[in-house]
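**Student:** Please see the structure below; I have some questions.
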């Protein structure tokens, strides 16, 4: 206890006040924790054991032994079982008895916890669905919980999972927010509720198609631009009788750069292609060598020489190698350095 103002001494009379709203919310989540424990054992199996829990006014967290993620069907079954008990409005009863009597009556205990000779047993209804040793605060009847909704399921250790759930007004608020999201999505997609999944799938398909068309267009633009420059002799050089094409491209991802290198190497027929790209502060370089030159010029050796210039490393085979780094400003320098590396190889 912290005294914020004034002082307190032995024998002083004090008055304790409880935040009734928070207390009731905590009660809902605590009794729901007992119900979810029983529901998990019924749906998943009796191997389920409580490994810990947190009961707060706005959420409950329950850790339990289980070896794999819950499926959507299992989550729905657990929710249905708990909500069915809530709708029954079963009384929640507490009885103090000897621990031997409690265990003989089927009460569950957290083995690892220390219990005295007498224990408090909390039963939902007749105790068939849920009966556990517990000293905490609970609702008077399951109907007080209102409703129950699982919001997450995750692994926290090998063979141990954690679910989070909400009850009462927090669950109602969640349902209301979900309705707002659905309504906003329906408006944005201009569709009806029962067609929402199909509309999303259709939109994703259209997006994939558009992205593919954009990638193809970027590749055509890059190929055409390099081709025009190469025909004028601006990018294709001849080093000791070997054609070398080096270029920094924009707007292509790694896959697009590989496709471009295929096209350019095929166009050269015999030669070396070095393509660099920069994207969000990162550098990617690919080196391609035609099969007839791999005895003299090795792509892997070239990339290992030039990748450090852009603050990275790379490797690969004699005909193709890739590397990267974190210094886009030195990309042109790295490609120019490749020409000198190739010249040394051809001496």
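Since every read-out is calculated from the coordinates, none of them should be taken as a lab result. This is a predicted model, so every value here is computed, not measured. Counting neighbours? That spans all protein chains shown, and the Cβs are built from the backbone with ideal geometry, glycine included.
**Student:** For a quick check: sort 257, 73, 2 by the number of other beta carbons within 10 angstrom, fewest at the front.
**Tutor:** Arranged by neighbour count, lowest to highest, 257, 73, 2 become 2, 73, 257.
**Student:** Which length gain, in nm to one decimal place, applies between residue 339 and residue 196 when the Cα-Cα distance is subtracted from 0.36 nm times their residue separation?
**Tutor:** Extending this stretch completely gives an extra 45.9 nm.
**Student:** Using 0.36 nm per residue of separation minus the Cα-Cα distance, give me the extension gain between residue 258 and residue 20 in nm, one decimal.
**Tutor:** Computed gain between residue 258 and residue 20 is 79.1 nm.
**Student:** If you don't mind, there's one more thing I want to ask. Arranged by the count of other C-beta atoms within 10 angstrom, fewest first, what order do 167, 210, 17, 263 take?
**Tutor:** 17, 210, 263, 167
**Student:** Starting from 0 in steps of 5 Å, tell me what percent of the Cα-Cα pairs of region 20-188 lands in each bin.
**Tutor:** For region 20-188, the pair-distance distribution reads 2, 9, 17, 20, 20, 15, 9, 4, 2, 1, 1, 0, 0.
**Student:** What does the helix-only formula give at 222 nm for the chain: each DSSP H stretch with n ≥ 4 adding -39500 (n - 2.57), the total divided by the residues, and the result rounded to the nearest 500 deg cm²/dmol?
**Tutor:** Dividing the helical sum by the residues of the chain leaves -14000 deg cm²/dmol.
**Student:** In terms of the Cα gyration tensor, with a ≥ b ≥ c the square roots of its eigenvalues, is region 258-299 rounded because a/c is under 1.5, prolate because a/b exceeds b/c, or oblate?
**Tutor:** Oblate, because a/c is 1.5 or more while a/b does not exceed b/c.
**Student:** What is the gain in length, in nm to one decimal, between residue 206 and residue 99 on full extension, counting 0.36 nm per residue of separation less the C-alpha to C-alpha distance?
**Tutor:** Full-extension gain reported as 32.0 nm.
**Student:** Another question about this same structure. Calculate the spin-label point distance for residue 5 paired with residue 158, positioning each point 7 Å from the Cα along the beta-carbon direction, and give it in nanometres.
**Tutor:** 5.6
**Student:** Within 10 Å of each residue's Cβ, count the other Cβ atoms and sort 72, 80, 4 from fewest upward.
**Tutor:** Starting with the residue having the fewest Cβ neighbours, the order is 4, 72, 80.
**Student:** If you build a Gaussian network model of the chain, linking Cα atoms that sit under 10 Å apart, which residue out of 59, 82, 128 swings the most?
**Tutor:** With Cα springs under 10 Å in the chain, the top fluctuation among 59, 82, 128 is at 128.
**Student:** Restricting to Cα pairs below 8 Å that are 6+ residues apart, what does the relative contact order work out to for the chain? Please round to a whole percent.
**Tutor:** 11
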